Amino acid sequence: MKSFYFCDPIVNQVFMAHHKSALKRVRQDSKKRLQNRYYKKSARTAIAKLREMEDHKEASAFLPKVISMIDKLAKKNTWHKNKANNLKSKLTKQVAGLKG
């Protein structure tokens, strides 16, 4: 039986598989992992930025962008839908309570 090797440069690891499809899955998972990390980190940064805001106008203009990012993560099951809903609720309450 033929063995297939794939060196993943992201995690610096060599994978040995008995099927080509297993190697393809490893490659796809590696790419998806990088994408998920990027979108999650971007969303977390945006949430932190929103929480630091003190001006109501500025925060209420930025809130829909953050909610959109959260919804996209929930839609792709990167974040659980309940986590997304809780975050959106807390952020909306915080923005509503701001002065200015």
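Just so you know, all these numbers are worked out from the coordinates, no wet-lab data involved. Since the model is a prediction, treat every value here as computed from it, not as a measurement. Methodologically, a virtual Cβ is constructed for each residue, glycine included, from the backbone with ideal geometry; neighbour enumeration extends over all protein chains shown.
At-a-glance table
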| item | result |
| --- | --- |
| Qualifying positions in the range 69-85 - loosely packed, with under 12 Cβ neighbours inside 10 Å and of a type outside the set (Lys, Arg) | 77, 80, 82 |
| Residues located in the range 38-53, provided they are within 9 Å of residue 66 (Cα to Cα) and in contact (Cβ under 8 Å) with a residue 40 or more places away in the chain | 47, 50 |
| Residue selected from the range 47-68 under the condition touching a Phe, Trp or Tyr at 6+ places or on another chain (Cβ under 8 Å) and either surrounded by 15 or more Cβ atoms within 10 Å (Cβ to Cβ) or of a type in the set (S, T, N, Q) (or both), by the criterion nearest to residue 98 (Cα to Cα) | 53 |
| Condition broken by residue 41, with the remaining ones in (1) assigned to a helix (DSSP H, G or I); (2) surrounded by fewer than 11 Cβ atoms within 10 Å (Cβ to Cβ); (3) over 11 Å from the mean Cα position of the chain (by Cα); (4) not β-branched (Val, Ile, Thr) satisfied | (3) |
| Candidate set from the range 70-93 (those that are part of a loop (DSSP other than H, G, I, E, B) and not aromatic (Phe, Trp, Tyr)); member that is farthest from the chain's Cα centre (by Cα) | 80 |
